[in-house]
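Student: Structure provided below as structure tokens; questions to follow.
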Amino acid sequence: MTPAILALNLGLSFAALAALCLSLNRHHAEIFGTKPSGRRVVLLRVLGWAGIALGLLVAGEAEGWGFRPVRWVGALSGAGVGLVLLLSYRPRLVAPAGAAALGLALAGGALLHVT
């Protein structure tokens with residue numbers, strides 16, 4: 001796996017899991033101080049699941065479908081561990097970290113098109 005694909009996959013995984021996390025009333029209230037509206041919950045869930053699906057598509061871009069699911073699950077697991085640790089110790093940083101992860105994913109995607 002090339003570094004650009006790894007950055008893209010990890011960034012997408014973390015951002016997607018952060019969106020799904022923020023769609024839950026408990027975590028949203030803990031981080032933002034208010035419960036999310038119904039529209040925001042739907043938007044966060046759609047973005048989260050779309051990010052997870054997109055992560056599967058880019059997981060093995062360089063080498064094909066042979067190990068793609070393994071790389072995808074690995075990236076999701078790593079992102080999940082990072083998110084759980086962040087929620088445990090610094091929950092207010094989840095939203096900025098999710099945005100930064102999305103930026104990492106965009107940078108990885110841009111690197112793919114440059115090379």
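Student: As a test of the formula, what do you get for the chain when each DSSP H run with n ≥ 4 contributes -39,500 (n - 2.57) and the sum is divided by the residue count, at 222 nm and rounded to the nearest 500 deg cm²/dmol?
Tutor: Values: 5 runs with 92 residues, N = 115.
Theoretical 222 nm ellipticity from helices: -27000 deg cm²/dmol.
Student: Does the range 3-114 come out rounded, prolate or oblate, given a ≥ b ≥ c as the square roots of the eigenvalues of its C-alpha gyration tensor, rounded meaning a/c under 1.5 and, failing that, prolate meaning a/b above b/c?
Tutor: Details: a/c = 2.09, a/b = 1.95, b/c = 1.07.
Judged from the Cα gyration tensor, the range 3-114 comes out prolate (a/c at least 1.5, a/b above b/c).
Student: Report, to the nearest 10°, how far helix 68-89 tilts away from the longest principal axis of the Cα atoms in the chain, using its own Cα long axis and a range of 0 to 90°.
Tutor: Long axis of 68-89 versus the principal axis of the chain: about 30 degrees.
Student: Same structure, new question: Length gain on complete extension for the stretch ARG40 to TRP65, per 0.36 nm per residue less the alpha carbon to alpha carbon distance? Don't jump to the answer; show the numbers that get you there.
Tutor: Working: separation 25, 0.36 × 25 = 9.00 nm, distance 3.42 nm.
Contour length minus Cα-Cα distance gives 5.6 nm.
Student: Once both labels are modelled 7 Å past Cα along the beta-carbon direction, what's the ALA110-TYR89 spacing in nm?
Tutor: Label at ALA110, label at TYR89, 3.0 nm between them.
Student: Also, quick follow-up: Using the Karplus curve 6.51 cos²θ - 1.76 cosθ + 1.60 with θ = phi - 60°, work out ³J(HN,Hα) for each residue of the range 29-37 in order, rounded to whole Hz, and write x for Gly and Pro.
Tutor: My calculation for the range 29-37 gives 5, 5, 8, 9, x, 9, 7, x, 6 Hz in order.
Student: Expressed as an acute angle from 0 to 90° and rounded to the nearest 10, what is the orientation of the C-alpha long axis of helix 94-114 relative to the principal long axis of the chain?
Tutor: Taking Cα atoms only, the helix is inclined about 20 degrees.
FYI, it's all coordinate maths here, none of it is from the lab. Remember, predicted model here, so these are calculated numbers, not experimental data. Cβ atoms come from the backbone with ideal geometry, glycine included; neighbour counts cover every protein chain shown.
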